[in-house]
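Input: a single structure, listed below in structure tokens.
Any read-out appearing in this document is the output of simple, stated calculations on the displayed coordinates, not a laboratory observation. The structure displayed is predicted, hence computed values, not measured ones. All Cβ positions, even for glycine, are placed from backbone atoms using ideal geometry, and neighbour counts span all protein chains on display.
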Amino acid sequence: MSGVEVLIVGPGAMGCLHAALLAEGGVRVGLLDHRADRAARIAEQGIIVERDGAQTTVPVACSADAADFHPATLAIIVVKAYDTDVAARHALPALDESSGVLTLQNGLGNYERIAQVVPEACVLAGTTTTGATLLGEGHVREAGRGVAQIGSPSGAEHRARDAVALLARGGIDCERTPAIDEALWAKAIVNAAINPLTALTGLRNGMLVEVPELLELLGAVAEEAADVARNCGVFVREDMAGPVEAICRQTAQNRSSMLQDVSAGRRTEIDFINGEIARRAEQRGLPAPLCRALTALVRGLGVGEEGDT
Ligand code: KPL
């Protein structure tokens with residue numbers, strides 16, 4: 001293979017869905033997996049997408065060797081937040097000095113970690129409200145098409161513009177934002193409220209607003225996280241409980257990514273969402289008792305199951 005326009009790094013739910021969407025949109029796309037055996041199987045079978053009750057198979061080049069995709073115009077990191085550094089280093093052989101690297105992950109601190117691996121001016125950050133569920137290897141269910149917001153934390157606006165144009169050409173609804181920190185924090189606040197409450201209760205997003213006590217807690221976590229953001233100098237609208245509640249309703253049928261992780265026995269991203277918000281609060285001498293408690297509770301899920309009598 002001689003270069004791709006978009007390299008998707010990570011074959012999870014978001015990775016498979018974005019690779020399939022872009023390939024369907026006519027973009028030359030590659031999918032990078034850290035496991036060679038799985039990469040070979042996905043390359044052979046293609047990505048299976050379930051949407052609106054129908055199934056499509058989309059052929060996508062998949063490999064564990066990033067050099068197979070050199071040069072990539074844009075690499076999109078969609079691994080779990082705890083794998084960001086390793087994934088960025090894994091992608092290096094696909095990159096040259098003009099490549100952009102975009103994080104579309106949950107959590108805070110991802111672009112800072114990527115900027116330790118590639119020059120900061122190359123790093124773009126984004127959020128997306130597209131939902132996806134991984135059903136098996138290279139097999140994904142689309143759970144609602146959303147909009148991606150993309151920006152350059154270092155102010156390299158031309159790179160953000162080029163990335164938006166490339167993704168839009170591939171059929172991904174996206175827009176450039178000059179206020180990427182605000183967008184990242186807004187998404188982190190949404191995730192801080194919805195993800196642990198769904199992970200702890202086993203409920204789908206929509207059910208959180210049906211139980212009055214959970215609705216109250218949802219709003220309280222959102223407001224606590226919003227206060228931390230403001231204290232960090234980031235503009236956040238008043239009353240974040242409103243948009244969080246609206247997102248629960250819009251994504252009512254979703255099982256949040258954290259609930260999916262807990263159900264599958266995988267590590268969660270709690271340390272990069274509520275844990276990170278609590279850490280930033282602590283650095284500023286602010287209390288963030290709800291984020292701290294939720295971090296402890298989610299970390300505790302599953303601990304002690306093995307070997308218990
Ligand atoms: O981003 C999400 C996630 O599950 O991680 C939300 C917005 C909560 C949708 O499920």
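Look at segment 60-78: where a residue is surrounded by fewer than 19 Cβ atoms within 10 Å (Cβ to Cβ) and a partner is part of a strand (DSSP E or B), sitting 6+ places away or on another chain with Cβ atoms under 9 Å, you get 64/32; 65/32; 71/4.
Look at segment 84-103: where a residue is within 24 Å of residue 158 (Cα to Cα) and a partner is loosely packed, with under 14 Cβ neighbours inside 10 Å, sitting 6+ places away or on another chain with Cβ atoms under 7 Å, you get 93/67; 94/67.
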